[in-house]
Amino acid sequence: MEQFTVPQFIDVEDKVFGPITTRQFIILLTASLFTFLFWKLFDLALFVIIVIFFDGFALLLAFMKVRGQYFHIFLLNFIETFKRPKLRLWHQAYTDAELREWVAYHPKKFEVVKITKAPLKRSRLAELSLLVNTGGAYRPSGKQ
């Protein structure tokens, strides 16, 4: 029989530079390019305010995990949850023919049959309670 090696640690991402993964590197590279663009477009005060928020958000996306999920996956799931309705209803559309059939249909009235058990005889009930109370030491008259 031929043996195959089973890949392990498939949930671990490849590292590019030291402890930084490819995904983190791309996020940080994109944030750096936008930071450079902001430096060229805005004055110093506005640049500092924008970069603090933008790079902070980029660091959050790159390094933070929420319950084992990357932050951008968590954020997408969070937004998707608020877009969905809280109450799910099933709206079935009936055709006119189905509605006419439903209105015309009159189910037959069924008689309710009540099933009753025969009550236990007093003597058998007394024997069973005596058997239970004595812990099995009592033997009924027919079974010795």
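The values are calculated or read from the model by the stated rules, or taken from the named source; none is laboratory data. Being a predicted model, the structure only gives us computed values, none of them experimental. Neighbour counts are summed over all protein chains in view; Cβ atoms, including those assigned to glycine, are modelled from backbone coordinates with ideal geometry.
Okay, here's what the table says:
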read-out	value
Residue in the range 31-42 that is part of a loop (DSSP other than H, G, I, E, B), surrounded by 10 or more Cβ atoms within 10 Å (Cβ to Cβ) and at pLDDT below 85 present	no
The one condition in (1) closer than 16 Å to residue 70 by Cα; (2) assigned to a helix (DSSP H, G or I) that residue 12 fails to fulfil	(2)
Of the criteria (1) surrounded by 11 or more Cβ atoms within 10 Å (Cβ to Cβ); (2) more than 27 Å from residue 21 (Cα to Cα); (3) under 32 Å from the mean Cα position of the chain (by Cα), which one residue 88 fails	(1)
